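Here is the structure we will look at, set down as structure tokens.
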Amino acid sequence: MTEVLFVVYFVVLLTTLVVKTPTVKGPWLFLLRAFFPNWKFFHAVGHVPQLFARAATLSQAGHSEWSDWALIYPRRARHWFHLLHNPDTNLGLAQQNLVDHFWADLYDLPDGADPRALVTYTMVSRLAQQVMRAQHPEMHQFQFELRMVLSDRTQVIDSQVMMTAPVAPC
């Protein structure tokens with residue numbers, strides 16, 4: 001009996017590798033995928049999505065002065081006590097998961113479609129605004145962009161802008 005189950009297991013495994021099933025899509029599935037991380041980083045090693053933003057403040061002359069583009073959520077510092085309690089890193093992972101889902105949604109978007117209709121666009125926009133507001137309390141406009149970044153342990157090798165959002169008021 002064990003041999004039969006073993007053979008059935010490998011037949012099912014080979015069948016799933018050979019037979020391509022259609023991708024299940026729908027707006028209600030977006031609510032469920034918040035519970036699961038985006039595993040697309042296993043498909044290829046290379047460029048990873050990163051979120052950058054900048055803020056505009058008014059100068060004394062009344063002109064907008066833009067800050068430099070800043071990486072929204074760089075990696076958090078690790079400590080030994082994070083083995084027991086680590087809410088800051090967990091929040092950072094959830095936010096990076098949102099950026100990964102946004103990248104996947106942009107990648108699946110048909111040519112010419114407006115990304116502002118995506119739920120992930122709205123969520124990423126609010127995230128960028130919240131972070132820039134904390135860094136620049138006097139800002140009156142902000143802008144964010146999604147970049148595909150290829151880096152090694154020490155430096156950025158290549159960076160390509162996937163999408164730049166229009167300037168938004170606060």
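General remarks:
- Our estimate of slack between M1 and N86, defined as 0.36 nm per intervening residue step minus the Cα-Cα distance, is 26.0 nm.
- Placing pseudo-labels 7 Å out from each Cα toward the beta carbon at T154 and L13 gives an inter-label distance of 4.2 nm.
- Check: the range 83-159 dipole with +1 on Lys, Arg Cβ and -1 on Asp, Glu Cβ, in debye: 260 debye
- Qualifying GluC sites (Glu not before Pro) for the range 61-151 [loop in DSSP, other Cβ within 10 Å: at most 15]: E138
Quick note: the coordinates plus some simple rules give every number you see, no bench work behind them. Everything numeric here is computed off the predicted structure, so don't read it as measured data. Ideal geometry is used to build each Cβ from the backbone, glycine not excepted, and the neighbour counts take in all protein chains shown.
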